[in-house]
Amino acid sequence: MKHLELHIIQSFPVACLNRDDLNSPKTAVFGGVQRARVSSQSWKRAIREMAEKEIDNSGQFQGKRSRLFIEKISSALKALGEAEGTANALAICAGHYLARLDSKQEGKVKTLVFLSPLEYEIFAKVLFVLDNDAKKALVDAIGFVDMAKLTTDDEYEDAEETNAEKPKKGEKKLSAKQFTQLVAKIVKSPIEKAFKGEKKETKSLPKDAADIALFGRMVANDHSLTVEAASMFSHALSTHKADNEIDFFAAVDDLQPKEESGAGMTSTLEFNSATYYRFAALNLDMLADADHLQSMTKEERQSVVRTFIEATVKAVPGARKNTMNGNTLPVYVLGIVRNVGHPVQLVNAFENPVRSSQGYAAKSIELLKSEYAKLADTWGIEAAFKQAIPEVDLKNFLDGMVAHVI
């Protein structure tokens, strides 16, 4: 596959870029020693946010991962002319079909779903053109369902394998399973047809969903909406042994009487500092296929990739950004485009942790270059394009990389 790779060396001062469940900086053991670690998920979110808010001017990065999309579909239905009550009920049913309603939190579903504004409109159009009997059945189902039972997961087992009907005369409630069956029976086929038809007609995701094409989407209840991520990320690891340290701090009570001594509050938090190796790759063949961004022009895809690369290079996770502010820029970025093969990390350059009294960055760059040269010689890995920052500036680096986008 044709793909690009980004190999990044980046140093951070006192920071807690990514916290674990105990509020400590994440770590991992590699090469027999503890390393500082930042999860790929943490960095990908920072990249998405930077791409949307600071770099992209074309509206290509508009996807939102949320449990609160029901209101968005309802608003789109009302914009089409649907009555408010019906619009709300239909949107609730669509939310349940996609990710199961959360009976404890009104207006939310149980899992996050990644959708773009144009996809909200597609859902709204599907629901809006349902025949009146189908709409009435869904609206009535909202009144019949026992919301308390929606939290019982085993109610949904084999939900689509049984024909579902309204409650029989005298019955007041639909079970969670019956409700799920009824919703799926009505909306599953139209939704799959709409999205597959949309892809067949436009041959890709909507043009405001570049981030979904890049980072992927999993929809367990309807695999026709699942999108495989065109990008690949590793967890960032420090190139050297790293230990978390403890910061003791005291906060002064500004209104405390002068005759009273002592701090208003004392506590501790953990931090570390490290030089990281970061790796990201992008499958350029996949990005241009019918399940991703085929409908875009080559120039539009180049714009998407340019934004992706710039955001990947610049973005920093936002944890404790106001109290520690770990924002830095990479000291070295190696960009590679290869026409065949699969992406290969260079992390084994640091399996033997860097030890240096002169800092870690310079030695890490040296080892990274050496590892790439060794792999190229040993395995015959050939690059169609290879360039590095700071040997060239960011603009020329981006121009060189995106020139290979298909």
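We did not get these values from a lab; they are worked out from the coordinates using the rules stated. Computed from a predicted structure; not experimentally measured. As a convention, Cβ positions derive from the backbone with ideal geometry for all residues, glycine included, and neighbour counts pool all protein chains shown.
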> Helix 361-379 sits at what angle to the longest principal axis of the chain, using alpha carbons and giving 0 to 90 degrees rounded to 10?
Replying inline: 70
> Which shape class applies to the range 35-155: rounded if a/c is under 1.5, otherwise prolate when a/b exceeds b/c and oblate if not, where a ≥ b ≥ c are the square roots of the Cα gyration tensor eigenvalues?
Replying inline: oblate
> Which value at 222 nm does the chain reach when only helices count, each DSSP H run of 4 or more adding -39,500 (n - 2.57), with the total divided by all residues and rounded to the nearest 500 deg cm²/dmol?
Replying inline: -11500 deg cm²/dmol
>> I'd like the orientation of helix 84-99 relative to the chain: the angle between its Cα long axis and the longest Cα principal axis, in ° from 0 to 90, rounded to 10.
In response: 50
> Which order results if Asp21, Asp211 are arranged by neighbouring Cβ count within 10 Å, fewest first?
Replying inline: Asp21, Asp211
> What is the helix-to-structure angle for 176-202, meaning the angle in degrees between its Cα long axis and the longest Cα principal axis of the chain, kept from 0 to 90 and rounded to the nearest 10?
Replying inline: 60
>> Counting pairwise Cα distances across the chain, what percent come out greater than 41 angstrom?
In response: 31
>> At a 10 angstrom cut-off on C-beta neighbours, averaged per residue, how do the peptides 265-271, 245-251, 186-192 rank from highest to lowest?
In response: 186-192, 265-271, 245-251
> Where q = 0.21 Å⁻¹, what log10 of I(q)/I(0) comes from the Debye formula for the range 5-45, counting one point per Cα?
Replying inline: -0.83
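Using the beta-carbon distance between Ser356 and Thr226 and R0 = 56 Å, what value does 1/(1 + (r/R0)^6) give for FRET efficiency, to the nearest 0.05?
In this case the efficiency is close to 0.80.
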> Under a 5 Å amide H to amide H cut-off, with H placed in plane at 1.01 Å, what residues pair with Arg35 once short-range neighbours are removed?
Replying inline: Ala28, Val29, Phe30, Ala242
> What is the range 48-102 by shape, rounded, prolate or oblate, if you read a ≥ b ≥ c off the alpha carbon gyration tensor as root eigenvalues and call it rounded for a/c under 1.5, prolate for a/b larger than b/c, and oblate otherwise?
Replying inline: oblate
